[in-house]
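Take a look at the structure set out below.
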Amino acid sequence: LGTRAFQMDEEEDLASQLGPRTSQVHDTDVSKLKRAFVNEKCAPEILPFEFDLVQRVVAAVDSRESVVASARASASTGPSSAADDLQTHVFQSELNRVRFLLRAYYRTRLFKIENHAVWTLKEPAVLARLSTLEKEYATNYANVVEEHFGSVLGQMPEGYGSMLQQIEEQDAAWDMVPEPNLDKHVFCLVKQDRGDVMLDPDDPENTMDLERNDIIMIRYRLIKTLLEENAVDLM
Amino acid sequence: SIITWERYRDDRAVVSTQEVHFLAEDEHLDVVPNFSLQSLHLLGGTYGPFRPQMKTSVPMWLAMLLKKQGKCSVVPPRWLDVATLKQVIESERADDVFQGLPHHYIEIATDLCKHAREDLEDWNLTFDLVDTIRAVRHNKIQAGLRSLDENALKGVKLTNMSAMEVSVIRPFMSNALDNFLEGSITAE
């Protein structure tokens, strides 16, 4: 009993020596944008556009950019302290990081829109997740692709020239439209203790115990709701 | 048949190693400045004030910026010392489970061993030990991957896997299970 207690003490000591999993703060707009970017990169389908968050971050970036620009201007025309120069340098470095996050967030979404342009336009629930500019982009992209395909499809036999259907048929499904694969496997980080959760309605006896900081690899479809509830983040 | 674009490799669809490192750069480290500066009100938080010899906590990207300018020394995190790392190696070798290392342990160790060498007791040995930990864990991951069966389609728990490790196995593991799933659906 004595040896076992000592072993457990050693394990606890090591665990406390290793410290917490992460020391990042989670409630700032920048960290929320970071999570939105990573979730977007990992999810097979396009997620709802973070309109308010992006608006706030863009406003903060614009305001900081003018501060840096005027600091630069006055530094080049007159004396500036080492402290001011350092502050400007740090401000600029952070700006570069935040601008990267914004660009990467937009680019990942545009990539998904391009891959599934027609499907995005025809599914109202999906179209609703796009920003106004993104909706325009989806429409223009789909038109450009249709024109491009038309140069080949126009040479197909009668009835086979559609971009949307294998065989043109009134009222038939559009079976040539790619859509995202919601069964793609993703990695996710559990953010809340949820206890035993039934993830697959087709297999209701199979539950998974979800505790904060668990990492699970699983089909996106099975954790889609948890992601919408902000109970997990993708990684 | 539906055209699938999933096999098309594009960096807009993959979290790259550089991006994982970028994400790690918001981890906090203690630094000891040799300069004075009022608080820095950054978009991501307020840091400082900075006073000579007064330890303060900053994100890693800022710690490295200050270090490269010769404006601070970095306080290595508690887990990044030779004795602790050796203990971790022993535990990793003894158990099937993964030790609870910080999520970005590889990125933090790499940056400190690259840019803050004189602030570590023995940066060469430290880097070797971290690499050994990475290798031992990688072998365990490989063994785990080999043992995957159709139960994996219900979800696999990877407790204490680190950010970089997830990024390294993601392409193989996701594709393998995606294909396995497709195969098992076709087989029905």
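The values are calculated or read from the model by the stated rules, or taken from the named source; none is laboratory data. Remember, predicted model here, so these are calculated numbers, not experimental data. With ideal geometry, Cβ positions are generated from the backbone for all residues, glycine too; neighbour counts draw on all protein chains shown. We work out accessible area using only protein heavy atoms, side chains counted, and drop any ligands, DNA or RNA first. Shrake-Rupley method; radii C 1.70, N 1.55, O 1.52, S 1.80 Å.
Scan the range B:171-185 for residues that are within 8 Å of chain A (Cβ to nearest Cβ), under 21 Å from B:HIS21 (Cβ atoms) and touching a helix residue (DSSP H, G or I) at 6+ places or on another chain (Cβ under 9 Å) and jot them down.
Of everything in the range B:171-185, just one residue is within 8 Å of chain A (Cβ to nearest Cβ), under 21 Å from B:HIS21 (Cβ atoms) and touching a helix residue (DSSP H, G or I) at 6+ places or on another chain (Cβ under 9 Å), namely B:MET173.
Looking at (1) facing another protein chain (nearest Cβ under 8 Å); (2) open to solvent by less than 20 Å² (accessible area, probe 1.4 Å); (3) over 26 Å from A:THR28 (Cβ atoms), find the lone condition where A:ASN115 falls short.
Tallying (1) facing another protein chain (nearest Cβ under 8 Å); (2) open to solvent by less than 20 Å² (accessible area, probe 1.4 Å); (3) over 26 Å from A:THR28 (Cβ atoms), A:ASN115 fails exactly one: (2).
Can you pull out every residue in the range B:18-64 that is over 25 Å from A:VAL68 (Cα atoms) and open to solvent by 30 Å² or more (accessible area, probe 1.4 Å)?
B:GLN18, B:HIS21, B:ASP30, B:VAL32, B:PRO52, B:GLN53, B:MET54, B:LYS55
Open to solvent by 30 Å² or more (accessible area, probe 1.4 Å), among the basic types (Lys, Arg) and facing chain A (nearest Cβ under 9 Å), is that true of B:LYS157?
yes
When you go through (1) without any contact (Cβ under 8 Å) to a residue 24 or more places away in the chain; (2) within 30 Å of A:SER81 (Cβ to Cβ); (3) of a type in the set (S, T, N, Q) one by one for B:THR84, which number turns out not to apply?
All conditions are met except number (2).
Considering each residue of the range A:118-162, count those that are open to solvent by less than 40 Å² (accessible area, probe 1.4 Å) and of a type in the set (S, T, N, Q), and give that number.
3
Answer yes if at least one residue in the range A:80-101 is under 13 Å from the mean Cα position of the chain (by Cα), free of Cβ contacts under 8 Å to residues at least 40 places away in the same chain and within 10 Å of chain B (Cβ to nearest Cβ), and no otherwise.
No, every residue in the range A:80-101 fails to be under 13 Å from the mean Cα position of the chain (by Cα), free of Cβ contacts under 8 Å to residues at least 40 places away in the same chain and within 10 Å of chain B (Cβ to nearest Cβ).
Looking at the range A:188-235 only, could you name the residues that are among the hydroxyl-bearing types (Ser, Thr, Tyr) and either open to solvent by 70 Å² or more (accessible area, probe 1.4 Å) or under 21 Å from A:PRO48 (Cα atoms) (or both)?
A:TYR220, A:THR225
Give the range B:56-111 a look and list any residue that's under 18 Å from the mean Cα position of the chain (by Cα), small (Gly, Ala, Ser) and facing chain A (nearest Cβ under 9 Å), or say none.
If the condition is that a residue be under 18 Å from the mean Cα position of the chain (by Cα), small (Gly, Ala, Ser) and facing chain A (nearest Cβ under 9 Å), then B:GLY100 is the only one that fits.
Consider A:GLN170 against the criteria (1) open to solvent by less than 50 Å² (accessible area, probe 1.4 Å); (2) modelled with pLDDT under 95: it satisfies all of them except one. Which criterion is unmet?
Against the list (1) open to solvent by less than 50 Å² (accessible area, probe 1.4 Å); (2) modelled with pLDDT under 95, A:GLN170 comes up short only on (1).
In the range A:33-92, how many residues are of a type in the set (A, V, I, L, M, F, W, C) and exposed (fewer than 13 other Cβ atoms within 10 Å of the Cβ)? It would help to see each step written out before you state the result.
The initial filter retains those residues of the range A:33-92 that are of a type in the set (A, V, I, L, M, F, W, C), namely A:33, A:36-38, A:42-43, A:46-47, A:49, A:51, A:53-54, A:57-61, A:67-69, A:71, A:73, A:75, A:82-83, A:86, A:90-91.
Now restrict to residues that are exposed (fewer than 13 other Cβ atoms within 10 Å of the Cβ): A:51, A:59, A:69, A:73, A:82.
Adding up the residues that qualify gives 5.
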